[in-house]
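Have a look at the structure below, then the notes.
The values are calculated or read from the model by the stated rules, or taken from the named source; none is laboratory data. Please read these numbers as outputs of a predicted model, since none were measured by experiment. Cβ placement follows ideal geometry from the backbone for every residue including glycine, while neighbour counts extend to all protein chains displayed. To get the accessible areas, we keep the full protein, side chains included, count just its heavy atoms, and leave off ligands, DNA and RNA. Shrake-Rupley method; radii C 1.70, N 1.55, O 1.52, S 1.80 Å.
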Amino acid sequence: MAFLRNDTVNLLNLHYGIHALALSGGGAFFAAFLLRAGVPAPAVLATLALILAGRFVIRPLVLVPARRFGLKPLVIAGTVMTGLQYPLLAEVHGVGWELLALCAISSAGDTVYWTCYHAYFASLGDADHRGHQLGAREAIAAIVGIVGPLATGWALTTLGPRIAFDATACVLLLAALPIFGTPNVAIADEAPGAFRAAVPGMLMFVADGWIAAGFYFVWQIALFLALGESFTAYGGAMALAALVGAVSGLLLGRFIDAGHGRRAVWLAAGSLVIVIGLRSASCEDPVLAVVANAAGALVPALYIPTLMTAVYNQAKGSPCVLRFHIATEGGWDAGAAGGCIVAAGLLWAGAPIWLGILLSLIGTAAIFVLLRRYYGEVGLKVLPPSLGPSAG
């Protein structure tokens, strides 16, 4: 397994696994807890849109410290900053200043972390083993995702939100430790043509963000409501889904690296369409909702390696990997915020929640076209390793 010989990527995947433990725990309960805290469903989606809009505004500012310090310190700082939102989440009681403060802190932490993490992973990973490495990363995330929701659901029910979300913050502090063993990546002061080179990846992320609005954010609300607003039942449904995802996590990465990118696009888009339809039909049936949630765990194993192989390899071949991801992550924020606002408007107007889930079909059609075009232009394989890492 040559793709495991990159010690730096192994440390990055260890970091991601610990980080995923937090996201599958406290992170997965973000929208659900806001509902239980008295925030109406349309306002929960509006809150998520506000966080995303804040990220969109803040994101270009990341370039300033990155040019001075490089990416490694910012990935560490971003990991710690993302943990700060969870103790504040426990203090939210309806719409008020705590909710606004949560939006501000979440925007800042997520912006620094995700922008720099994606650029860092793109720089240090291997183009010829990208699908394998992403498959391993997502499999690790799926495995720890079995523990995270069960533990958090139990803690919220028996110990209360402060202890549950403080534990999430502590896990994120631990997630920063593996990054200390990885090299830094410098970012150049100037990189002509960097943002122009990011346009294809940015369009992919706009579509992906729109998908996420219905497929993840609206669905989390629908699932929590279908399960009677029970933290324990919700955590169990998330853990079952993670178990399904762990079984299938390593398969498609090898499929892409073997030169089957275009066929992988069909599988990824097809799985999205099927699960979106299943989820939209299960909003009022608890048993079917659990099945639909578990089926959704197959999508990351099929979709994430397909999408991120294309995005990371474009980033690695661009004039500046960080500038590339500033543009693409900004596209994701715009797409997801737009989808959340439209879904919030539909719910506020009295539309059924399943309609908000079906909005993801628009993004699925767009990402299918964009990924087919990408894998068609590079033949049927990922970009060759001769492109080399970008120095920013």
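Name the single residue that is nearest to Gly335 (Cα to Cα) among those in region 173-190 being more than 21 Å from the chain's Cα centre (by Cα) and open to solvent by less than 20 Å² (accessible area, probe 1.4 Å). Checking each candidate, the answer is Ile187. Evaluated against (1) of a type outside the set (A, V, I, L, M); (2) at pLDDT 95 or above; (3) touching a helix residue (DSSP H, G or I) at 6+ places or on another chain (Cβ under 6 Å), Tyr375 falls short on exactly one condition, (2). Counting only helices (runs of 4 or more DSSP H) wholly contained in region 11-70, no element carries 2 or more residues that are of a type in the set (S, T, N, Q), open to solvent by 40 Å² or more (accessible area, probe 1.4 Å) and in contact (Cβ under 8 Å) with a residue 60 or more places away in the chain. Within region 149-178, residues that are closer than 16 Å to Leu89 by Cβ and free of Cβ contacts under 8 Å to residues at least 60 places away in the same chain sit with their Cβ atoms under 8 Å from residues that are of a type in the set (A, V, I, L, M) and surrounded by fewer than 19 Cβ atoms within 10 Å (Cβ to Cβ), at 6+ positions apart or across chains, in these pairs: Ala155/Ile163; Ala155/Ala167.
This table checks each residue for (1) farther than 17 Å from Pro352 by Cα; (2) open to solvent by less than 40 Å² (accessible area, probe 1.4 Å); (3) small (Gly, Ala, Ser).
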| residue | (1), (2), (3) |
| --- | --- |
| Pro200 | yes, no, no |
| Met204 | yes, yes, no |
| Ile211 | yes, yes, no |
| Ala242 | yes, yes, yes |
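Please go through region 352-367 and give me each residue that is of a type in the set (Gly, Ala, Ser) and surrounded by 23 or more Cβ atoms within 10 Å (Cβ to Cβ), ordered by number. Once the filter is applied, which keeps residues that are of a type in the set (Gly, Ala, Ser) and surrounded by 23 or more Cβ atoms within 10 Å (Cβ to Cβ), region 352-367 yields Gly356, Ser360, Gly363. Residue count for region 152-172 under the criterion of being within 19 Å of the chain's Cα centre (by Cα) and either under 29 Å from Arg67 (Cα atoms) or loosely packed, with under 13 Cβ neighbours inside 10 Å (or both): the result is 3.
So that you can scan it fast, the table gives a plain yes or no per residue for (1) crowded, with 24+ Cβ neighbours inside 10 Å; (2) aromatic (Phe, Trp, Tyr):
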position	(1), (2)
Trp266	no, yes
Val273	no, no
Val287	no, no
Leu298	no, no
Asp333	yes, no
Ile341	no, no
